[in-house]
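One structure below.
Every number here is computed from the coordinates shown, using simple stated rules; none is lab data. All values derive from a computational prediction rather than experimental measurement. With ideal geometry, Cβ positions are generated from the backbone for all residues, glycine too; neighbour counts draw on all protein chains shown.
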Amino acid sequence: MLDRASIFSNPDVVKLLQTKFVPVAIDQAYQRRQKDAEGRFYQKIANQGPRKVGGGTTQGHYVAAPDGTLLGFGNHRATERFMGLLRGALNRYRGDEVAAIDPGRPDSRWSPKPPAGGLIVRVHSKVLSGYEPTDDPWRRMFQNGIGRDNLWIRTEEHRALIRGEIPQKLLARIAMFHLVDNTRGEPPMWEPQEIVSSDATLRDGRLSGTVHLRSRSGDREFKADIFGMVETKDGRISRLDLVARGQFRGEGQFTQRAPKGEFPLAIAFRLADGTDVADSIPPQASRGWLDGYIR
């Protein structure tokens, strides 16, 4: 999120990446664990840098030649330093031809696919107000951040929605894994016993409901109303637009500096059409645990 608001919003950075590089964005938590050709290629690159595979996160900006030779590494968000990283990598690049890598069979645990016949729904979250004013540009980036994720809906749940039904397992998945404040980083997910109440109805294409979530320790809570539209066409869902809006309280280890006390949080859900490369990204809560997420 910070990268998008800082270095990747700079037109000079964007132009250089578009004309001199092949930009790739990944969730390194997958690639550093994958036991397949893609994983081995990434691990080769990362192990040449300061953050080795097996020692925790390998996140950062890597610039590598097609054969996997590391040309530069950085993990900063100052535009000039990032431009220096790119220019230095260009100076070190020799341009040798490299044979294509045989992709082989992907590691299924770390290459999850959306359920056939199901649905992918884009999820965006935003803190609407409550932050204290600040002149710090980095803090403002966090305050203005928009959380992004994907919701996966199973085939039988898709069919239930067509019939005008809302499966309880789908409602629980939305509550536990998507009614979170992920606008400042990776959020803690809710546990089943932290769903105080959840209820929703779908009549004549209009969905309405309420959800109340509270952590066992009592340090996080979210009370939200849910409204939306669900439409069908040619035997499948053609529109799914939902908004959950309510009062959130608390923060997680990686979502610190939330507004004090209760603050308004809105989470929007919209059916993906498959035209955006981000539509295929697995839900964050499914990382290495797809069966647990989709059950």
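Hey, what number do you get for the chain at 222 nm if only DSSP H runs of n ≥ 4 count, each worth -39500 (n - 2.57), divided across all residues, to the nearest 500?
The helix-only estimate for the chain comes to -6500 deg cm²/dmol at 222 nm.
Give the calculated FRET efficiency between residue 65 and residue 4 to the nearest 0.05, with a Förster radius of 30 Å applied to their Cβ-Cβ distance.
According to the calculation, E is roughly 0.70.
Return the Rg/Rh ratio of the range 148-233 with Cα-based radii and a Kirkwood Rh.
Dividing the radius of gyration by the Kirkwood radius yields 0.98.
Tell me which aspartates and glutamates have Cα within less than 15 Å of residue 15's Cα, excluding those fewer than 8 residues away on the same chain?
Straight-line reach from residue 15, under 15 Å: 80.
By the gyration tensor of its Cα atoms, with a ≥ b ≥ c the square roots of the eigenvalues, what is the shape of the range 90-140: rounded for a/c under 1.5, prolate for a/b over b/c, or oblate? All intermediate terms of the calculation are to be shown ahead of the outcome.
Values: a/c = 4.59, a/b = 1.35, b/c = 3.39.
Verdict is oblate for the range 90-140.
Taking the alpha-carbon set of the range 27-83, what are its Rg and Dmax in Å?
Answer for the range 27-83, Rg first and Dmax second: 11.4, 36 Å.
What share of Cα pairs, in percent, lie more than 23 angstrom apart in the range 114-294?
Distances greater than 23 Å cover 40 percent of the Cα pairs.
Loop-only check: which GluC sites (Glu not before Pro) in the range 162-271 are DSSP coil with at most 15 other Cβ within 10 angstrom?
Here the GluC sites (Glu not before Pro) that fit, given the DSSP loop and packing criteria, are 165.
With the cut-off at 1.5 for a/c, could you classify the range 33-166 from its C-alpha gyration tensor as rounded, prolate or oblate?
The shape class here is oblate.
Please list, by residue number, every one of the trypsin sites (Lys or Arg not before Pro) in the range 150-208 that is coil in DSSP and has at most 16 other beta-carbon atoms within 10 Å.
163
How high is the relative contact order of the chain, in percent, with contacts defined as C-alpha pairs under 8 Å that are six or more residues apart?
16 percent.
Rounded to the nearest whole Å³, what is the per residue volume of the convex hull around the Cα atoms of the range 119-197?
Roughly 115 Å³ of hull volume per residue.
With +1 on each Lys and Arg Cβ and -1 on each Asp and Glu Cβ, how big is the dipole of the range 2-109 about its Cα centre, in debye rounded to the nearest 20?
320
What does the extension gain come out to for residue 262 and residue 99, with contour length at 0.36 nm per residue minus their alpha carbon separation?
In short, 53.1 nm is gained.
In debye, nearest 20: dipole of the chain around its Cα centre with unit charges on the Cβ of K, R (+) and D, E (-)?
The dipole magnitude comes to about 360 debye.
Which trypsin sites (Lys or Arg not before Pro) does the range 1-63 hold that lie in a coil by DSSP with at most 14 other beta carbons within 10 Å?
The qualifying sites are 35, 52.
Let me see the pair-distance distribution of the range 241-295: every alpha carbon pair, 5 Å bin width, integer percents in order.
Each 5 Å bin holds this share of Cα pairs: 4, 14, 13, 18, 22, 18, 9, 1.
Report the extension gain between residue 233 and residue 128 in nm, rounded to one decimal, defined as 0.36 nm multiplied by the number of residues separating them, less their alpha carbon distance.
34.4 nm
With an 8 Å cut-off on Cα pairs and a minimum separation of 6 or more residues, tell me the relative contact order of the range 9-77 in percent.
The normalised contact order for the range 9-77 reaches 21 percent.
To the nearest µm²/s, what D does Stokes-Einstein give for the range 2-109 at 37 °C and 0.692 mPa s, using the Kirkwood radius over alpha carbon pairs as Rh?
221
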